[in-house]
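Have a look at the structure below before the remarks.
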Amino acid sequence: MTGGDTHKLTERVRRLVATSAFQWSVLGVIIAAGVVVGLETSPSLMERYGDLLHLADRIILWLFVVEAALKMFQHGAKWHRYFRDPWNIFDFTIIVVCFLPLHGEFAAVLRLARVLRAARLVSAVPSLQLLVGSLLRSLPSMVWVGLLLLLLFYIYAVLGVFLFRGNDPTHFSDLGTAMLTLFRVATLEDWTDVMYIQMYGSDRYAGYVNQTDLPRTSEARPMIAIGFFVSFVLLGTMIMLNLFIGVIINSMDEAKADAEQQRREQHIAETGRATLSDDLTALERDLEAIQLRILALRRRAEKMGDGGQDQQND
């Protein structure tokens, strides 16, 4: 096969991989892999159709091999570009692990790899890739928000132990139990029940009826309980948890901008020219810069005019 024939074949493979039919086919195979793994969890189905399910599993695995081979071949002699995409590395790793002869105590690794083939749905759908990329991008900011939230939990847990341990040892006996209780409150899972125990006293709480051996002193603190739990819900749930959402949304906007920039650069690298939308974006950016420059010069001229007029008045 000559170099020209190889180039033509590579171009055909590149076009094939870029088609929506190929992408939808890969998506269908991934869904089938997830269904097969799910069916294999049923002992009755494995007893009846175990051989058929194993055959389907092997066919799906080889279809993944064909997909990876086509994606490598589309780059021609520079097939290693396939591994520049982290999602391709993820897909290739799963394929390799599925072919490893793992038995005995390592069989769990093989089962995990087979289950992760269903997770390839993320790498096959660009929108899911964007979501996962946004989550990964937001991790550093989420760590700081998490530390702030942990500090809030710690402060309220210490206060809760001091205020409510005698009345409600089930929920505020120690620091760890109090933090777990506050996590329940933050998720709004029947949090008013915990608040009412502190408001009206544990002797009116049905959960303490049969716990006569638990040392406690029923003490109603309605105003303190209301202030404690309402303020915690406002700070911990309404504000702090929404900060996580804000961080993720901001990261998603940045990920969208980066994905759009990569798409433009890839298009320019493949075709040698920018698209019409790229030209319009560049012109809009230049026009904005010109408008800012005109505005700065106008302000400078106005200042100079005011200065000249002041000198004439003097």
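The values are calculated or read from the model by the stated rules, or taken from the named source; none is laboratory data. Computed from a predicted model, the values in this text were never measured in an experiment. Cβ: placed from backbone, ideal geometry, glycine included. Neighbour counts: every protein chain shown.
For beta carbons closer than 7 Å, sequence separation of 6+ or different chains, a first residue in the stretch 238-249 that is over 15 Å from Gly133 (Cα atoms) and a second that is hydroxyl-bearing (Ser, Thr, Tyr), there are no qualifying pairs.
Within the stretch 261-274, the presence of at least one residue that is outside the structural domain of Phe183 (by TED's automatic domain parsing), among the hydroxyl-bearing types (Ser, Thr, Tyr), at pLDDT below 80 and in a helix (DSSP H, G or I) is confirmed.
Condition check: modelled with pLDDT of 85 or more, outside the structural domain of Leu136 (by TED's automatic domain parsing) and more than 30 Å from Leu139 (Cα to Cα). Does Gln309 satisfy that? So Gln309 fails the test.
Restricting to the stretch 216-244, and then to whatever is at pLDDT below 85 and of a type in the set (D, E, K, R), can you tell me which residue is surrounded by the fewest Cβ atoms within 10 Å (Cβ to Cβ)? Here the answer is Glu219.
A quick yes/no check of all residues on (1) surrounded by 15 or more Cβ atoms within 10 Å (Cβ to Cβ); (2) under 30 Å from Glu40 (Cβ atoms); (3) at pLDDT 75 or above:
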| residue | (1), (2), (3) |
| --- | --- |
| Val96 | no, yes, yes |
| Phe106 | no, yes, no |
| Arg114 | yes, yes, no |
| Val161 | yes, no, yes |
| Phe164 | yes, no, yes |
| Pro169 | yes, no, yes |
| Ala206 | no, no, no |
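Which of the helices (runs of 4 or more DSSP H) contained wholly in the stretch 1-76 include at least 2 residues that are within 19 Å of Ala124 (Cβ to Cβ) and of a type in the set (Phe, Trp, Tyr)? Once the helices (runs of 4 or more DSSP H) in the stretch 1-76 are filtered for at least 2 residues that are within 19 Å of Ala124 (Cβ to Cβ) and of a type in the set (Phe, Trp, Tyr), what remains is 20-39, 43-73.
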